[in-house]
Each structure stands twice: as structure tokens, then as C-alpha cells.
1. Which count do you get for residues in region A:95-110 that are within 21 Å of residue A:145 (Cα to Cα) and either surrounded by 14 or more Cβ atoms within 10 Å (Cβ to Cβ) or touching a residue at least 12 places away in the same chain (Cβ under 8 Å) (or both)?
2. Would you call residue A:179 surrounded by 18 or more Cβ atoms within 10 Å (Cβ to Cβ) and within 30 Å of residue B:260 (Cβ to Cβ)?
3. Here is a check on your reading of the model: is residue A:470 under 29 Å from residue A:342 (Cβ atoms), out of contact with any Phe, Trp or Tyr (no Cβ under 6 Å at 6 or more places or on another chain) and surrounded by fewer than 20 Cβ atoms within 10 Å (Cβ to Cβ)?
4. So in region B:257-272, with the set limited to residues that are modelled with pLDDT of 85 or more and more than 10 Å from every other protein chain (Cβ to nearest Cβ), which one is surrounded by the most Cβ atoms within 10 Å (Cβ to Cβ)?
5. Residues of region A:375-409 being more than 21 Å from residue A:293 (Cα to Cα), within 14 Å of another protein chain (Cβ to nearest Cβ), part of a helix (DSSP H, G or I) and touching a residue at least 24 places away in the same chain (Cβ under 8 Å), which ones?
6. Name the single residue, out of those in region B:69-118 being assigned to a helix (DSSP H, G or I) and of a type in the set (Phe, Trp, Tyr), that is nearest to residue B:266 (Cα to Cα).
7. Restricting to region A:192-246, give me the number of residues that are buried (at least 18 other Cβ atoms within 10 Å of the Cβ), assigned to a strand (DSSP E or B) and in contact (Cβ under 8 Å) with a residue 60 or more places away in the chain.
Amino acid sequence: MKMKKILAVVFAAAILLSTAACGQKAAPAPSAASTKGTQKLVVAHKANPTGLFHLTINNVSANGPIDYLIYDTLVAYDSTKDSFNPSIATKWEYIDDTHIKFTLRNDVVAHDGNKVTAKDVIYTLKTGQESNKVANYYDRFNLAECKAVDDTTVIIATKQADPYLFYTLANNALGIVCEAAVKAGGGPDAQQQKPTAGTGPYKFVSWESGSKLVFARNDKYWGEKPYFDTIEVRIITDASARVMNLESGDVDVAFDPVVSQIKSLDTKKFTVENVKTKASNIAFFNCTKAPFNDVKVRQAVALALDYESNAQVSMEGYGYVTDSFIPNLNQAYAKPDGSYTNYYKYNVEEAKKLLKESSQPNGFTFTLKYMENSIFTSLAQLIQNQLKVIGITVNLAPTASSVFYTDASNGNFDMYLAAPSNPDPFVLVNYFDGRISMQKASGGTGWRGPAELDALIDQAKVTMDKDARNAIFKKIQAIINENVPCLVLGSQNRVLVCKSDLTGIRYTPFSDIDLSHCSRK
Amino acid sequence: MLKYIVKRLLWMIPVILGVLCIVFVLSEITPGDPVDTLVGADAPPEVKEAMREKLGLNDPVYVRFANYIVKVVTKADLGNSYTTNQPVAKELMVRFPITLKLTLWSIFVALVISIPLGLISAVKRYSWIDNLSMALALFGVSIPQFWFGLMTMLIFSVKLKWFPASGIDGTAGWVLPVAMIGIGNVGNFARITRSSMLEVIQQDYIRTARAKGQKEWIVIVKHGLRNALIPIVANVGNVLGISLGGAVIAETIFSVNGVGKYMLDAINARNWPSVQGGLVLLAISFSIIMLLVDLLYAAIDPRLKSEFKAKNKIKSRRKAVEA
């Protein structure tokens, strides 16, 4: 009897202790709606950030919407005009192809109150480059020649002419931090958990890793006064749950919803933001080994796919068909004009004919790797079905992200699906530049193009005149598209759903969402 | 009894070492490189190499394993998370109370519903009540938890707006995740209660109790249910242990920041310190739960305690004779 009582007490105590340990409050959960004159925005985000100091984390893309609340960039991107506006920098001028002089505002202070000057811009570039975590953004800077002329003037130098530099400057990876604030706040590691060195419109308040982040209005913000008193970013990994949270009124904005759910939303209450992007869904061939080292095999595969219906089915109307590895919205895109054979056209008979003439006349089997999401899963199944018609068997291999990137960099694949979103066309071109290893390009195809292609790429990289550069890109696209080292499977739109009274949602050069200037109508 | 408890606690050491060993081997043979997670797949090779050296990944496997064990045993240091660079122990301690609370409440809810359901089914065998409750139990066992979670969210959050769809800031936030896990277990517990009770109520001592003129509810609850509890308790112990690490679905859907979700994220990111730390915590929790279950057996059924005591007496007599 005594033992029974003890065990009953243990069980009851366990329940009570666990309740107490969770810091339980009896009050009901606050809803997304504003309460008593205060304005609160609740956002459903899909991923937990790995850290909040963007200069020393490697996965900046997952942090995009959060970084834009905390940090400002030198220039701001206007996605409607594909142009750049002043931000911390009020004006800029090219000294020569590799040096740009920026004039900064003199009223910018970090969240901890320290003043931000030109030296902080240099500190940001230096920290980013030395950390090597965001090398693809910071490698381009020639630090030896970057200098702070005075408090409000800074010269930024690049290693070579960089026509698309401003896309990077407007990216969250280049958010400016205040050196004094970083040091006062305990250094970069401490900033990962409690950032105080940003200058953005919202200040960090708290972070329950894996659950939610809370930000408060920065009353010392140099720009227009931020609208919301607080912004809460909830981490809800399941896409269906994000939309249901919106429908229930628990959140105001849901990122990356399930497209099929969007159609059933009440259009009076909710707005669907459906924005075309510069990101493409691309299937990369491994051109270093059979069967895809044979151009005829690649061309046959390209002709066997129905691009129109694949884009429609996989993206459910929230995307568009592309006909070059550089997507249609990119400044460097050139529409195929008949000067080369475009293989991104559905023609099964021609595909069969080409396969017969190739090194694999009787068909073959290969493995398609991809990271699981609704679009890639759908695309992979469509590719599998359509290639079966011409005698090619596709084994589908959904792969975890960590293994996927390693395999892509090491050439351990036959074909993989990815969606590069970088608006800099050279990043895309790098995938097909045979002089750059797959390791260096973080993937690609291993395809070695003709010497003419190398020369064109080199020439484009130093051509600052937009029209002249685009003329070169046209030739580059002709060579690459004709040799089909990849399949272009359409560009997906950036989709979010939000309450109808929200306005001011912006899109970044990398198609991220920026809610820092969002308000209610 | 104290001796038994100490013995069982000591047995946990090889169990945990075994778990560590298995996880370590699995992390070694799984493809992919954690350095890619830390510095990015596109980082220069020299940066990757430096990180590999810093983490000790260039050391031989046995050295790394030994280092890990020494740290865990001497400093309770489970290492730092590869993704957040925070101590794993600290991260787990934030999440464990949440998962524990979720699990205990859901089991409580499941027991409150399932035991009466199983009792009624057994007592009213083959009646419409039995058929209905077993159909409900079958439904509970069969429905996919993921679907059930989304449906509860759709009905109670989106349509009725009774409970929040995510977050556990207030009491209301706990209702749906607890209900999701709890109701998922009702079918299991109810079926076991029923079958166990059916076996017990046919025993002679039940007939004797009835013949003595005991009230029916006393016969059923005091004489019947108490004797039928052993398999139920065993099952509850298993479910409790599994739920501590496996409430992933509820945690994912309702955005509850628990151990299951933490480990799932860690596995996806090849964040081995977090995976190992989580498994150590779960192994300890599971072992303690199993110990409590064994103690509960003795509390429920005094015959088991007597058997244990008798065995000990025989042992000590043998020793005395040998001496």
C-alpha cells in the first residue's frame, strides 16, 4: 500500500513538475490580432535559423526574412523595377570598374546605441570574408583596397569588374553590422544568439530555438518609423499547418504554403502574393561519365520532356516555363531566336531517333537525386514517366539535404534537381564553366565546353556595359543550351499568403521575403 | 527493494554505453559530411579541412569515441550542436520538460478514456456498447497521426477557433497536441484493458467474490481491474518511453519545441552531437520508466513482491549454509 502511494505521488509530481518546468502561464495564447492599441505581426516561417549573426553562419538563405528585420544593407532592392534604391548608402558612384564610392547616412545607430560609420562597412566585409562561411558572397571583395575615407564615405573594391555586385550588396548576407556593438555584445558567437549590432527596423528580443523569435520596434531607426510594436516569427515546419494557422487567425503571414490549399482560401480575408522569381528548377546531368557524357543522350532526354505540362503540374500554376538555363526574368536572359537548336521542346519521336543514334541505343537506367519538396517530387515523377516512353528507366532517390549537397559537390550523382535562385547569371554560368570544379561551384555538371565558351565567359565578366554584356550572354546561352548539360524545368513563383490588411511586403534580389517595412492598411 | 533499484540503475550504464556505441557507428557509416553543414558545401577545401581538424574528425574513430565518452561521463558534456554551436545538454534541457509534459498529459488523457472503455467492453461483451467502443478503439489505432493532427487543427482551430493552431504559450495551446497523442493511444490501451479484463473476470476469485455477495462494481474494479492492470501498465510504460522520443508528429504539426522535433532536425542536418545527446537522454528516460514500471508491478500485484522477497531469502539462506 505504501509503495502504491509513493508511485502515485511520483506520477502526479512528474506531471506537475513538467508543467512548472515549462514556465506555464494560465493565460490563453495571444492571437495574431492587435491588442489594445499595440500592433503585432505574427509570421509562420518554415525553418529555424541556425544563428542570428549572418556573417558567421553558412546557411544565410534560411535566415532571409529574419535578417531583413535586424540588419540593413547598403542598398535596397526594388523588385518591381529590378533596380536599387538608397538604404544606409545615400548615393554611390563608380570610380572605375572595380572601385565604387558610397556615401553613407550619418544618423545610423546600431540596436545597442553605437553609431555606425564607414569603418563598420569595412568591418562587415572583413568579418564576412574571414569567416569563410558566406564565401560565395564575400570572396569578390578586394579587402586591401576597400577603405573608409571618412565617417560617411567608403570605397568598396572588387577583385574584378562585377556587373551584378549590387544584387549581392542588397542581399541579407551583406547586412551591415556595427563593430563596437559586436564587441560590446560579446563577439560574433554571442551575437548568434543575441544580436545587438544590426541597424534594422526591428530589434531582437528573444529566441526560443525551434519555436519562435520575437522582435520589437527599433525606435531609433533612421528610416520611416517601423509600423509594428512587435513581430513574432513562429517556426512551423509543416506547410499545411502554416496555412491552417493563418486561417485560424493565429498568424498574419504564412510563407511557402501548400499550393493546393491556397485555392480554398477566402479571398476576402486573405491575399495570395504570387511573385515571379529569378529562380529556376534545373536538372543537372553528370557529364563526366556515361551515359550523360554523350551529348546526343542529353539532347534525347531534353526532347522527351513535356515542359509546358510539367511546369503546370509541378507548380500548379504558380510558376512559368523557361527555355534557357538563365530564367526569363534575369537581365542576362536571351530568348532563343533560331540561331541554335533549342532542345527544350517536347518531341518524343525526335528524342527516340536521337537516342538510337547515341551511345545508348537500347536505353539505360539512371538515378535522379533530389531534396524532397512538393515541386521536386512531382517533377521527378514526371521525368520518370516521360523518359520511360523512350526506354530510359529512372530510379528516384529523395536525399537528405546534408548528403545531397555533399553528393552534388563531389559528382556523386547521375542527375540531380536544384533551384538556384541567385540573380547573378555568372553563378549559373559557373555550373557550366569546365574550368571551375564541381566542388568549387557547389555542384554543376562537370561539362567541359568549347574554348570559345571560356573566352566568352571571361569577356562577359569584364564587360560593364549592359547591352554589350547581354550580347555576349546570348552567345553563351546558345552554346550551353545547344549542348544541354542541364534541363530547365521552369521557374517557380515565390508564394505567400497573408491577411488582406497587410501591405508593404517586399521581395529581395534572391526572391526572399522582406517584412521589415510591412504595415496594416 | 532498495538493492533492486540500485542494481537496475547500475544496469543503465551498459545500456547507455551500448546506445552511444550504436549511434556512433551509425554516424560513421552514414554518407555525407557534417563539415558541409557547418561551413557550407561551397566553402574552400582548406576551410573545410580546418573545421575537420577543429572538430577532431581527422582523429581515428576509437580516439573520437573515447573522447566523447570521457566528456559525457566526467563533465556531462554532450558537446556543442553543429548547427547552433550551443551546448547540446542546454538545448535538450529546454526541450525535455516540454516533451515530458506533453507525454504525461497525453497518457493521462488516454488512460482516463481507455480504461472505462475497455472495462465496459469486457463486462458487456458482444453487446452494442462493446462493438461501438471496440470500433472506436480500432479507429483510434488505425488513423494516421499526421492526418488526425491536421484534422483536429482544421476543426478546432480553423473552424471553431477554440484552440490556437500552434504554440504552447497558454493552457489552450496544449489541448490539441495532448489530444492528438492521447486519443491515438486510446485504442491501444482500451483493447488491452478489454482483453486483460476478459481473462480476469473468468477467474475463480471473481466468481468467489460475486458468490460472497460483493457489489458488482467492487468485483469489477477492485478484484477485476487490479488484477488486469499488469499488461496495461507494461503497455503504458512502453508507450511512455516511445512517446518521449517519438512525439515528433505532434511537435511538428503544432510547432511544439520538444525533443522529438529537435532530434528530427538534428538527423536531417547530420548534427551528430545533438542526435547522440538526445539518444542518451532518451535511453536514460526509458530505463527509468522501465524501472518505475517494474516497481509499479510490485505495487499492483503483491504476489510479485512476495516472490522477490522469497527469492532473496532463499539466496541469503544458501549463503548462510555455505558459510
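1. Going through region A:95-110 one residue at a time, the tally reaches 9.
2. Details: surrounded by 18 or more Cβ atoms within 10 Å (Cβ to Cβ): yes; within 30 Å of residue B:260 (Cβ to Cβ): no.
Judged against the criteria, residue A:179 is not a match.
3. Details: under 29 Å from residue A:342 (Cβ atoms): yes; out of contact with any Phe, Trp or Tyr (no Cβ under 6 Å at 6 or more places or on another chain): yes; surrounded by fewer than 20 Cβ atoms within 10 Å (Cβ to Cβ): yes.
Answer is yes for this residue.
4. B:259
5. A:401, A:404, A:405
6. So in region B:69-118, the residues assigned to a helix (DSSP H, G or I) come out as B:69-75, B:88-118.
With the extra rule that they be of a type in the set (Phe, Trp, Tyr), the set shrinks to B:96, B:105, B:108.
Working: B:96: 15, B:105: 26, B:108: 29 Å.
So, considering only residues that are assigned to a helix (DSSP H, G or I) and of a type in the set (Phe, Trp, Tyr), the one nearest to residue B:266 (Cα to Cα) is B:96.
7. Here the count works out to 11.
Conditions tested, residue by residue: (1) touching a Pro at 6+ places or on another chain (Cβ under 6 Å); (2) aromatic (Phe, Trp, Tyr); (3) modelled with pLDDT under 90.
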position	(1), (2), (3)
B:130	no, no, yes
B:146	no, yes, yes
B:155	no, no, no
B:170	yes, no, yes
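The values are calculated or read from the model by the stated rules, or taken from the named source; none is laboratory data. The structure displayed is predicted, hence computed values, not measured ones. Counting neighbours? That spans all protein chains shown, and the Cβs are built from the backbone with ideal geometry, glycine included.
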